Amino acid sequence: MKIRVLIVEDEELIRWSLRQRFEERGYQVVEVETGQAALDAFDEGLFDLILLDYRLPDMTGLDVLRGVREVDHDTVVIMMTAYSSIETAVEAIKLGAFHYITKPFQISQLLLTVDKALETTKLRREVRELRRQMKQEFGMEAIIGRDASMLRLFEIIKQVSRTGVSTVFLRGETGTGKDLVARVIHHNSDRAVNSFVNITCTALSESLLESELFGHERGAFTDAKLQKKGLLELADGGTVYLDEVGDMPPALQAKLLRFLEERRFRRVGSTKEISVDVRVMAATNRDLEQAIAGGQFRRDLMYRLNVVSIHLPPLRARGDDLHLLTQHYVAKFASEFRKPIVKISEDARERLRNYTWPGNVRELRNVLERAVLLCKSETINAEDIVLGPAERHSWVWDLETMALPPEGFDFEKLRRLESHLLRQALEQTNNNQTQAAKLLNLSRDRLRYRLQKHGLL
Ligand SMILES: Nc1ncnc2c1ncn2[C@@H]1O[C@H](COP(=O)(O)OP(=O)(O)OP(=O)(O)O)[C@@H](O)[C@H]1O
Ligand SMILES: [Mg+2]
C-alpha cells in the first residue's frame, strides 16, 4: 500500500520541493495551504504522515495537530517551523507530534526523520496488533468447556481477574489447563499491561532459581559479575507464575513464604528490602498432601498459597467436554494441515471415550494432531487414533534396552534406519514436507537437510 502524505504549508516553493521528493519515493501526496483545508483533507481519509507548518494563515500547526489527534493517534506528524521555541515543541510533543524540525532544513535531514518516524509507527501498530492477538488467544473463550465444573471455574476466573487477589493457587493433573488459566487470568485483569513472567521451579538448581526469582547483587556469588534484577522485580505490576511449585527446593519454599507474607524481599547478597506489587500464581500437579506428609513441602506454604485455590478437573470427569474439545482440535488441525476432514467415525469416538486420558487435554490435543496427520480420507477412523505411550512407541526401538551386541554393530544400519523413517513419514503424509517434519519432530529446514542428505529430495 502506498504511503499517504499530507503537506500543510503556505509557502508554495517548500510544498513543491517536498512533493517532488515524496513522489520520487512513490508516496501519494496531497498538499494544502491552510489549517482548515488540512482538517478537511484529514476528514476525508486518513494519512500515514503529515508535514505540518507551524505558522499557517488561519491557525497554528498545534491547532491542526489537536484536531488530527482527536481522530487518530497513529499518524506521524512532523512539525516544521522557522520560529523555534522550546515551549511550542514541548506542547507539540505532549500532543503526540513525533518530531519537530526547524526551518531552514535540508530535505535529506527531513527524510531521515520521516523514515525513523514511520518505522516507529509501524512498530507501534505491530505491538498493538500483538496485544489484540494476545487478547484473543487468552480471552475467556480460549478455555473450552461446558461441563458444570468448568462453568463454576469460569465464574471463579472472572472474579479473580477482576479483584486484587494477590495469590492464586492452581491445582490439577498434568495437562488440565493450569498454564492456560493463569494466562487468561493475567490477560483479563488490569495487570495485563504489565508482564506475565513464568518460571518453572524444577528447571533450575536451587541457587540459580533463587537468584532468578529474587535477583542478586554484584559479587553475591562467584558467577555474579553484574547486578541482576529478579523476576519478582521485573514483574512489578504484573504476574509471576511459579510452575511446578510443588517441587520447589525446601530452602526456597521458606523464602517464598516470607515473600508472600510481607511482599518484600532482598536480592541475593543484599541487605536492602525491595517491595513489589505482583500477583503470584503458583501451580502444581503434585499430590501436595502426600508431599507434606513426606516432608517435601511446607504445610504453612500450602496454606499461604491456598488463599484462592482453583482446581482444574481432569478431562475424564468433564462429560461432554471431551466431545467439544475433539471437535475443536480436529477443526483446528485440519485447517492448519489443510486436510479436508469433515467427520469423526463412531468407532473413533468410542475409542476416545473409553480412554482415561491421564495426560488430559494436552494428551487429547496430541492424539488428535496425530490423527489428523495420519488420516487419509475425509473421516477420522479408529485406526488413526493412537493412544497411550505403550502403543505409541511400539514400533520404535527402546533406547534404554538397546545394548551393543558382543559381535558389534554395523553403523551403516543407523543411516538406513534414518532413511527408512524419512521415507515412511513422506509416504504417510503424501509428500507434504510440513506434515512429515511434524511427524518426525523436526523443523522443516532440518527435514529438508536430511532428505537431501539421503537423496530423497
Ligand atoms: N479447557 C481447555 N480448553 C482449551 N485448551 C485447553 C484446555 N485445557 C488445556 N488446554 C490445552 O492443553 C494444553 C495443556 O494445558 P496446560 O499447559 O495449561 O496444562 P497444565 O495444567 O499446566 O499441565 P502441567 O501440569 O503438565 O504443566 C495446552 O495446549 C492448553 O492450551
Ligand atoms: Mg503447566
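So the values come out like this:
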item	result
Of the GluC sites (Glu not before Pro) in the range 323-378, those whose Cβ has at most 15 other Cβ within 10 Å and which sit in DSSP loop	378
Point-to-point label distance, residue 378-residue 74, nm (Cα→Cβ direction, 7 Å offset)	4.0 nm
Label-to-label distance, nm, for residues given as residue 102 and residue 21 (7 Å Cα→Cβ offset)	1.8 nm
Shape category assigned to the range 4-133 from the gyration tensor of Cα positions, a/c cut at 1.5	rounded
Computed helical MRE - 222 nm, the chain, DSSP H runs ≥ 4 contributing -39500 (n - 2.57), nearest 500	-14500 deg cm²/dmol
Cα-only Debye scattering, the range 156-226: base-10 log of I(q)/I(0) at q = 0.12, 0.20, 0.22, 0.28 Å⁻¹	-0.48, -0.93, -1.01, -1.27
Residues residue 366 and residue 414, FRET efficiency given R0 of 30 Å [Cβ-Cβ distance, rounded to 0.05]	0.65
The range 152-167 versus the range 177-202: alpha-carbon centroid distance in Å	13 Å
Per-selection Kirkwood Rh - the chain (Cα, Å, 1 d.p.)	27.8 Å
Coarse-grained scattering of the range 221-358 at q = 0.12, 0.18, 0.22 Å⁻¹, given as base-10 log I(q)/I(0) from a Debye sum over alpha-carbon atoms	-0.73, -1.04, -1.34
The range 408-453, Rg to Rh (Cα coordinates; Rh as Kirkwood inverse mean 1/r)	1.03
Inter-label distance for residue 453 and residue 427, nm, one decimal - labels placed 7 Å from Cα along Cα-to-Cβ	2.2 nm
FRET efficiency, residue 11 to residue 144 (Cβ-Cβ, R0 56 Å, nearest 0.05)	0.35
Calculated FRET value between residue 331 and residue 387, using beta carbons and R₀ = 22 Å, to 0.05	0.60
Longest exposed-site-free window of the chain, the sites being chymotrypsin sites (Phe, Trp or Tyr not before Pro) in a DSSP loop that have at most 14 other C-beta atoms within 10 Å	222-394
The range 326-393: C-alpha gyration tensor shape, a/c 1.5 cut-off, then a/b vs b/c	prolate
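Any read-out appearing in this document is the output of simple, stated calculations on the displayed coordinates, not a laboratory observation. None of these values were measured; they are calculated from a predicted model. A quick note on method: Cβ atoms are made from the backbone with ideal geometry, for glycine too, and the neighbour counts reach across all protein chains shown.
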